[in-house]
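> Dumping the structure here so I can ask a few things about it.
FYI, it's all coordinate maths here, none of it is from the lab. Just so it is clear, the structure is predicted and the values come from calculations on it, not from any experiment. Here the Cβ is made from the backbone with ideal geometry for all residues, glycine too, and neighbour counts use every protein chain on show.
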Amino acid sequence: MALINCKECKQEISSNADKCPYCGNKMKKGGYGCGTMIIIGIVIWIAIQIISGNSDSGGIITDEQTYSQSWRSPQGTEFTEIGRIIVTNGIKVCGEYYVKEIELNEYVIACSSDGTTWDYFVVYTSLEKIYRANDEMESKLNPPR
């Protein structure tokens, strides 16, 4: 128990008192501290990021420029990074593959084991994840050749 000053009459009173015994002023109990508000804000921000990250049109790439750009062979470290992710995830249909870069470390890839039938995937090299493209995405993609 600590002593504090009443905000109304300035007399010293117990910090546990509901009201000042001298003037009757009701004491305001401490609400949320600054630290608590910061933590709540961070939790809300993280929740918004998770929700908005998962709701990007149901995982469909909506950037039309991605669909209109030409397929290309992987360049530089893309070949080894994407190849490692393909092998790690047990994808067997990628005898050859071509890429379209969506943004940094994010690619759409077209894979074929026979050069005529193509399967499409989205690869996140920074996360080392690969996901099969859904039907709507596949309908917007043209085969590399």
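> Quickly run through segment 87-145 and pick out the residues that are surrounded by 13 or more Cβ atoms within 10 Å (Cβ to Cβ) and among the polar types (S, T, N, Q).
Residues satisfying the conditions are Asn89, Asn105, Ser112, Ser113, Thr125, Asn134.
> Take segment 67-86 and flag every residue that is exposed (fewer than 14 other Cβ atoms within 10 Å of the Cβ) and not hydrophobic (A, V, I, L, M, F, W, C).
Ser68, Gln69, Ser70, Arg72, Ser73, Gln75, Gly76, Thr77, Thr80, Gly83, Arg84
> Same structure again: Quick one: in segment 117-140, of everything that is assigned to a loop (DSSP other than H, G, I, E, B) and under 12 Å from Val93 (Cβ atoms), which residue is farthest from the chain's Cα centre (by Cα)?
Taking segment 117-140 and keeping what is assigned to a loop (DSSP other than H, G, I, E, B), we get 117-118, 125-128, 133-134.
From the residues that got through so far, the ones that are under 12 Å from Val93 (Cβ atoms) too are 117-118.
Details: Thr117: 32, Trp118: 29 Å.
Residue satisfying both the conditions and the ranking: Thr117.
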